[in-house]
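The values are calculated or read from the model by the stated rules, or taken from the named source; none is laboratory data. None of the values given here were measured: they were computed from a predicted structure. Cβ atoms come from the backbone with ideal geometry, glycine included; neighbour counts cover every protein chain shown.
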Amino acid sequence: MLIRIPAIIDKSQLIVIQQALKDAPFVDGRLSAGMHAEKVKRNEEVDQASEMAQQLSKVLIGNLYNNATFRNAALPLKVATPFFARYEKGMTYGDHIDDPVMGQEPRFRCDVACTVFLNDPQDYEGGELVVRTAFGDQTVKLPAGDAVVYPASSLHHVAEVSRGQRLVAVTWLQSMVRDPARRELLYELNLAREKLMREKPDAEETAQVDHSYTNLVRMWAEV
């Protein structure tokens, strides 16, 4: 399941983030890559030890948790400290899947990946996020402030940037529901549940769908 989330960062926050990234200390992105990923990863990332990275991470994580679509799609249990990445002309990130377990102690299982776009598509050429799904490759290049979430187990890559500069934030999370098919079912069921609650709050079928959703989460959640 690949879910696009509009305006997870508002315009005023984007201006602050974009200005901060102009002065941020960037390092070679391969420093944070695993054994396979470092062979195909060509980008730059804000130094995770810097105060700038820590401040930006707090802003982004707060926005993620405050977004209902993100919560419903990902069912987050633990969210990793985000990486703020820059792709200049010629940079790319080849085909890879994300590590199954991430972080220092305590470590977490990596179920869901999230990319937040920090500048507009017209600012650069290339740089599309390409995620392989059961229905073929899905190409994602979203407006600044929008995000996409998808299973971390998906084979994916970032196309080479041929002009301009691509700015993104990337994070990963452990979901309360490990299986991506179950997360997709719960997400779609919750969409129907919320529509019924708005349009038929007192109907018997609304209560039935609400009870089914609640008990499926109870059945499948690992907390």
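All but one of (1) farther than 21 Å from PRO76 by Cα; (2) surrounded by 18 or more Cβ atoms within 10 Å (Cβ to Cβ); (3) assigned by TED's automatic domain parsing to the domain that holds PRO100 hold for THR139; state the number of the condition that does not hold.
(2)
So if I check each of GLU199, GLU184, which one is out of contact with any Cys (no Cβ under 8 Å at 6 or more places or on another chain), under 30 Å from ASP120 (Cα atoms), of a type in the set (Asp, Glu) and not assigned by TED's automatic domain parsing to the domain that holds GLU45?
GLU184
Go through the residues of the range 130-146 one by one and say whether even a single one is of a type in the set (A, V, I, L, M), in a loop (DSSP other than H, G, I, E, B) and modelled with pLDDT under 95.
yes
Would you check if LEU14 is assigned by TED's automatic domain parsing to the domain that holds LEU77 and under 16 Å from the mean Cα position of the chain (by Cα)?
Here the answer is no, as LEU14 does not meet what is asked.
Can you name the residue in the range 78-91 that is surrounded by fewer than 18 Cβ atoms within 10 Å (Cβ to Cβ) and within 18 Å of the chain's Cα centre (by Cα) and is also farthest from VAL158 (Cα to Cα) among such residues? So that I can check it myself, show each step before the final result.
Taking the range 78-91 first, the residues surrounded by fewer than 18 Cβ atoms within 10 Å (Cβ to Cβ) are 78, 81, 88-90.
Then keep just the ones that are within 18 Å of the chain's Cα centre (by Cα); that gives 78, 81.
Details: LYS78: 25, THR81: 20 Å.
Of everything passing the filter in the range 78-91, LYS78 is farthest from VAL158 (Cα to Cα).
What number of residues in the range 201-223 are at pLDDT 95 or above, of a type in the set (Val, Ile, Thr) and closer than 17 Å to MET176 by Cβ?
Here the count works out to 2.
For the range 157-174, name all the residues that are closer than 19 Å to VAL40 by Cα and over 13 Å from the mean Cα position of the chain (by Cα).
HIS157, VAL158, ALA159, GLU160, VAL161, SER162, GLN165, ARG166, LEU167 - these are the residues of the range 157-174 that are closer than 19 Å to VAL40 by Cα and over 13 Å from the mean Cα position of the chain (by Cα).
Would you point out the residue of the range 101-117, among those that are in contact with a strand residue (DSSP E or B) (Cβ under 7 Å, 6 or more places away or on another chain) and in a loop (DSSP other than H, G, I, E, B), that is surrounded by the fewest Cβ atoms within 10 Å (Cβ to Cβ)?
Ranking the candidates gives ARG107 first.
Give all pairs with beta carbons closer than 6 Å in which a residue from the range 107-134 that is farther than 23 Å from GLN13 by Cα and of a type in the set (Phe, Trp, Tyr) meets a residue that is at pLDDT 95 or above and crowded, with 18+ Cβ neighbours inside 10 Å; count only pairs at least 6 apart in sequence or on separate chains.
Pairs found: PHE108/GLN174.
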